[in-house]
Amino acid sequence: GAASLIMVTTLLNVIWRSSGSNDWELKIDKNGTQVYTLKSPGNNMILVKGVTKWKYTLSQCVAPFFDESIQDDPGKWLPMCTEYKILKQQRFPRFHTNLQLYKWDFPFPFSPREVLVQGQVSQNPETKEIVLENIAVQNAIPRNDGYVRTGHHHNIWRFTPQENGEVRVEFLMDMNF
């Protein structure tokens with residue numbers, strides 16, 4: 001019985017890993033927001049992308065990413081997040097970078113997690129598009145006891161100003177807790 005279970009599980013994993021169209025597929029289109037998924041052959045994870053438009057200025061869209069007061073009560077902004085720290089940052093005229101540490105205490109049976117990312121914000125001087133990219137840098141600082149540090153995280157926010165004054169917002173979620 002155990003050998004059969006192992007064989008079936010292995011076969012299902014091989015089938016899942018080799019599946020996927022490598023194309024974005026629309027899953028939700030509601031109230032001006034679209035949610036897409038992408039499954040690539042050879043990858044276990046499904047990527048998720050959301051696209052919408054906001055009636056805000058570019059400054060209003062990116063202000064939360066620079067708001068250090070979020071460190072005071074991170075759970076208010078990120079559900080189940082118990083700690084958020086900006087460990088290091090550098091600012092330049094059209095480029096900003098920081099090292100961020102997030103901690104989550106998930107309910108049983110999951111272990112507490114921490115995510116260490118290098119955040120990079122840049123603006124295209126011609127189109128005025130702003131891109132915020134968070135990339136896992138799991139070994140940039142020593143690990144904290146009692147937490148599993150995630151190794152795969154590459155999320156991208158793209159804010160593109162539109163001629164009508166709105167901002168097109170695209171969020172690509174590529175992470176594995």
Counting only residues 5 or more apart in sequence or on a different chain, those whose built amide H sits under 5 Å from that of Val137 are Leu116, Val117, Gln118
The relative contact order of the chain, taking Cα pairs under 8 Å that sit 6 or more residues apart, comes to a percentage of 17
Region 1-51 -> Rg/Rh from Cα coords, Kirkwood Rh, value 1.22
Computed over the Cα atoms of region 1-98, the Rg and Dmax in Å are 20.6, 63
Largest-first semi-axes in Å of the equivalent ellipsoid built from the Cα gyration tensor of region 35-89 are 27, 19, 11
Residue separation between Ser40 and Lys55 times 0.36 nm, minus their alpha-carbon distance, gives in nm 2.0 nm
One can check that the equivalent ellipsoid of region 45-128, built from the alpha-carbon gyration tensor with semi-axes equal to the square roots of five times its eigenvalues, has lengths in Å, largest first, of 26, 17, 14
The alpha-carbon center of region 1-64 and that of region 131-177 are separated, in whole Å, by 15
Using the Cα gyration tensor of region 122-177, the equivalent ellipsoid's semi-axes, largest first and to the nearest Å, work out to 32, 12, 7
Carbon plus sulfur, as percent of the 1.4 Å-probe accessible area of the chain, comes to 56
Region 1-153 accessible area per residue, 1.4 Å probe, protein heavy atoms, integer Å², reads 66
If the chain between Asp72 and Val14 were fully extended at 0.36 nm per residue, the gain over the current Cα-Cα distance would be 16.4 nm
Computed on Cα atoms, Rg of region 78-177 relative to 2.2 N^0.38 Å comes out at 1.24
Residues meeting the amide H criterion for Glu129 (H placed from the backbone, H to H distance under 5 Å, 5 or more places apart or on another chain) are Asn124
Extension length gain for Asn31 and Ala140 (0.36 nm per residue less Cα distance), in nm, is 35.2 nm
Nearest-0.05 FRET efficiency for Arg168 and Val148 at R0 = 35 Å, using Cβ-Cβ distance, is 0.50
Any lysines whose Cα falls less than 28 Å from that of Lys49, other than same-chain ones fewer than 8 residues away, would be Lys27, Lys30, Lys39, Lys76, Lys85, Lys103, Lys128
Per the C-alpha gyration tensor (a ≥ b ≥ c, the square roots of its eigenvalues), the chain is rounded if a/c is under 1.5, else prolate if a/b beats b/c, else oblate; here it's oblate
Placing each pseudo-label 7 Å from Cα in the direction of the beta carbon, Lys88 and Asn124 end up separated by a distance in nanometres of 3.0
Residue by residue through region 75-92, the couplings from Karplus 6.51 cos²θ - 1.76 cosθ + 1.60 with θ = phi - 60°, in Hz, x for Gly and Pro, are x, 5, 9, 10, x, 6, 6, 9, 8, 9, 9, 8, 8, 7, 8, 9, 10, 10
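The values are calculated or read from the model by the stated rules, or taken from the named source; none is laboratory data. Keep in mind that this is a model prediction, so the values were computed, not measured. Quick reminder, even Gly has a Cβ in these numbers, built from the backbone with ideal geometry, and neighbours come from all protein chains shown. Ligands, DNA and RNA are excluded from the accessible area calculation, which covers all protein heavy atoms including side chains. Shrake-Rupley method; radii C 1.70, N 1.55, O 1.52, S 1.80 Å.
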